[in-house]
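Engineer: One structure is given below, represented as structure tokens, and several questions about it will come after.
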Amino acid sequence: MTKGKLLYEGKAKKVFETDDPNVLLVAYKDDATAFNGEKRGTIKDKGEVNNRVTNFLMRKLEQEGIPTHLVEELSPRETLVKRVKIIPLEVVVRNIAAGSLSKRLGLPEGTPLAKTVLEYSYKNDALGDPMVNEYHIAAMGLATPEELRTIADYALRIDDFLRGYLKDAGIDLIDFKLEFGKTADGTIVLADEISPDTCRFWDSKTKAHLDKDLFRRDLGGAEEAYQEVVRRLMGE
Ligand code: TMP
Ligand code: ASP
């Protein structure tokens, strides 16, 4: 598989064409941004951690019957994925109050939620990814009601599986963000990444952050925490 032209460069990844029109190559960067790109920096070897952790977890999810865009890990930072049309929604799943939910609702971080919370945001940097509900999604045609039912069902199943799996690695899954895409034949698959950039991982015992909040909040130790996630999940 040869690496073709650069199709798109995002904040954390580059996407290249390949000689197969249905397959793209994703290359993960060490660049870190927060607050819609206002804060910028790097986390050494983040690209490797996020690529490997994403692929590791997506393989597990495939075994649980969740379709993903994963084709093949090529190298520590590069992965072949199915070409999909990204559905312009950020799907956030929350088990414990933290981050923007804590701010918005005045719930102290760490407050357990009696019911898992699903939130959608419209992926649009110029608008700051505004939160939307199923009515907005239907009104704007971002996804059909049937597609949204599939997405919600997958998101809750992913949460169920990951929560248990991570617990065994000594990690509490506080919340996370997913993106879904549609393949040429209309199948909805999990896309993007599942990594310390897109999840809140807390150490089950100490409740220490093992994720990008260390960077967002200038707490220090992000590089070590990302490596710790690899060690706990992949035993290295
Ligand atoms: P929030 O509390 O800031 O809304 O974030 C909820 C979860 O979504 C958290 O695990 C971090 C993740 N997230 C992203 O992956 N990308 C983003 O742009 C934002 C705002 C959050
Ligand atoms: N990566 C996102 C940005 O730069 C936000 C975040 O993850 O906090 O906008």
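We did not get these values from a lab; they are worked out from the coordinates using the rules stated. Being a predicted model, the structure only gives us computed values, none of them experimental. Reconstructed Cβ throughout: ideal geometry from the backbone, glycine too, with neighbour counts over all protein chains shown.
Engineer: Spelling out what I want: for every residue of the stretch 187-203, take phi, set θ = phi - 60°, compute 6.51 cos²θ - 1.76 cosθ + 1.60 (Karplus), and round to whole Hz; glycine and proline get x.
Structural biologist: 6, 7, 10, 5, 10, 6, 9, 10, 8, x, 6, 10, 10, 9, 10, 10, 4
Engineer: Mind scanning Lys3/Lys46; Lys29/Lys177; Lys46/Lys167; Lys3/Lys212; Lys39/Lys123; Lys167/Lys212 and naming the pairs with a C-alpha gap bigger than 25 Å?
Structural biologist: Beyond 25 Å between Cα atoms: Lys3/Lys212.
Engineer: Within the stretch 127-159, whose backbone N sits under 12 Å from a point 7 Å along Cα→Cβ of Leu113?
Structural biologist: Answer for the stretch 127-159: 156, 159.
Engineer: Run a plain Debye calculation on the stretch 26-91 (Cα atoms as equal point scatterers, no solvent) and give log10 I(q)/I(0) at q = 0.16 Å⁻¹, rounded to two decimals, same order as the q list.
Structural biologist: Each listed q corresponds, in turn, to -0.67.
Engineer: Residue by residue through the stretch 96-110, what is 3J(HN,Hα) from phi via Karplus (6.51 cos²θ - 1.76 cosθ + 1.60, θ = phi - 60°)? Round to whole Hz and write x for glycine and proline.
Structural biologist: 10, 5, 6, x, 5, 5, 4, 5, 5, 9, x, 9, x, 4, x
Engineer: Follow-up question, since we're still on this one. Normalised by the number of residues in the stretch 180-236, what is the relative contact order in percent for Cα pairs under 8 Å and 6+ residues apart?
Structural biologist: Worked out over the stretch 180-236, it gives 20 percent.
Engineer: Residue farthest toward the positive end of the dipole of the chain, with Cβ of Lys/Arg at +1 and Asp/Glu at -1: which of Pro67, Asn51, Ala126?
Structural biologist: Projecting each Cα onto the dipole axis, the largest value belongs to Ala126.
Engineer: If amide hydrogens are placed 1.01 Å from N in the peptide plane, which non-local residues have theirs closer than 5 Å to the one on Ala208?
Structural biologist: Here the answer is Asp203, since their amide H atoms fall under 5 Å of that of Ala208.
Engineer: If you place +1 on the Cβ of every Lys and Arg and -1 on the Cβ of every Asp and Glu, how big does the dipole about the Cα centre of the stretch 145-236 come out, in debye to the nearest 20?
Structural biologist: For the stretch 145-236, the charge dipole is close to 300 debye.
Engineer: Let me ask something else about it. Across 5 Å bins from the origin, how do the percents of Cα pairs in the stretch 53-166 run, short distances first?
Structural biologist: 2, 9, 16, 18, 20, 19, 11, 4, 1
Engineer: What is the magnitude of the charge dipole of the chain about its Cα centre, with +1 placed on the Cβ of each Lys and Arg, -1 on the Cβ of each Asp and Glu, and no other charges, expressed in debye to the nearest 20?
Structural biologist: It works out to roughly 360 debye.
Engineer: Ratio of Rg to Rh for the chain, alpha carbon only, Kirkwood?
Structural biologist: Using Cα coordinates only, the ratio equals 0.94.
Engineer: With r as the distance between the Cβ atoms of Asp160 and Lys85 and R0 = 35 Å, compute the FRET efficiency 1/(1 + (r/R0)^6) and round to 0.05.
Structural biologist: Rounded to the nearest 0.05, the efficiency is 0.85.
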